[in-house]
Every structure is written in C-alpha cells, then in structure tokens.
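Scroll down for the structure; my scribbles are underneath it.
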Amino acid sequence: MPAKPLVSPQTRNNWSIASLLFVSGVLVFFSSFFFLLFPGGYEGGRNPAYRAELLSMSHATWDILHTWAGVTMIAAAALHIPLHWAWIVTMAKRVVNISLGRCERMNAKGQWNLMIDAVLALAALLTALSGLYFLFTPGGQGQAGLLWSRPVWDTLHTWAGVVMAAASVLHFAIHWRWVTQVTGKMWRTLLPQT
C-alpha cells in the first residue's frame, strides 16, 4: 500500500486559511452583486412595496450573509498575514534596498506579485475598515458618521471592494500552481487509499 502524500503542518495551515479566505471571499463577492442589483435602504427605502429577493433570499438575509462572510474574511486575513509576515518584512526591506540602490531589481514576476499584493492589502484594509464602520454604526443613509457621511463610506466600501476583488483574482492566478498542487495533496491525504 503506497504511503499517503504528506503535507507539512505549515502548508496545511496556509492551505486551510487560504481556503477560508477563498470561500468567504466568494460569498462576499456574490452577495455584493445582490446589493448592486437591488440598492436601497431598508426594504428599498421609501417604497414599502419593495421586496427584492434573489434565490429566495430577502434583502436582510443577503445583508447577514454579506456581513458575516466579510467578518470571516477579516478574521482569516488576520491569520493569513502573520503566516506570511517574514515574506512581507523581507520584501519591504528589499524594496527599500532597491530604492536606495543597495541591491538589484526584482524580476518581472516578483515585481508583479509584490504590486498585486500591495494593492490587495490596501484595498482589503479600506474594505474591512468601511465594512466595520457599517457593522458598528447602523443608521440611515444621510446620517453623518465618523469622518464622513454614510454615503461616502458606502462609496469607499464599494470601490475598495471592487479593487480588492480584481486584485484577489490576480493574486489567485499568480499562486494557481501552489493552489492546485497543495489541494491535490490535501485531497489525496483525506481520501482512502486502495
């Protein structure tokens, strides 16, 4: 009987957290489309007859799904970042050294990966902060809030989310080989051997 393929504990942790990020990201992404298709406040704002539903789920249900999938993404990212902290510090030092002329430039793939990750990090931070604003300051559309009005926070959340989604797709594509290899090994580890 052949031995099951081994996946290191660090790789297993990375894969588990990346999977949680992926699933919660997909839920946030698709629930975001509901809000783009059916904008409006509580049950469509001033129209009491407004009963938007998609896939037999009400506006409130989509809101709950979006909120908690977003909170899950924030928690998964809070775990993902420390796992990659050494890489983040190394790349930050390298960028500083390149800008000071102390070392050679990165290859094109490394530059592309670093740029995508930086855009993803900034967009994710803005999306998370604006999402947390909505989570902790419920209220009407016109109310003034912390720093800006609610519509400004909404616009920030929407566009930062769009940029985050685009950067996430590119990040996923860059790491596609790792994803497929580790996922294959994880499935082979879980499936019974014949």
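Only the coordinates and a few stated rules stand behind these numbers; no lab work does. Since the model is a prediction, treat every value here as computed from it, not as a measurement.
Using θ = phi - 60° and the Karplus curve 6.51 cos²θ - 1.76 cosθ + 1.60, what whole-Hz ³J(HN,Hα) does each residue of the range 152-158 get, with Gly and Pro shown as x?
5, 4, 4, 5, 4, 4, 5
From the phi angles alone, apply the Karplus equation (6.51, -1.76, 1.60; θ = phi - 60°) to the range 107-118 and give each ³J(HN,Hα) in whole Hz, x where the residue is Gly or Pro.
My calculation for the range 107-118 gives 6, 4, 5, x, 4, 4, 4, 5, 5, 4, 5, 5 Hz in order.
Between residue 103 and residues 5 or more places away or on another chain, which pairs have amide H atoms under 5 Å apart, with H built 1.01 Å from N, and which residues are they?
Amide H neighbours of residue 103: 98.
Could you give the length gained on full extension between residue 108 and residue 26, defined as 0.36 nm per residue of separation minus the Cα-Cα distance, in nm?
Net length gain for the segment: 26.6 nm.
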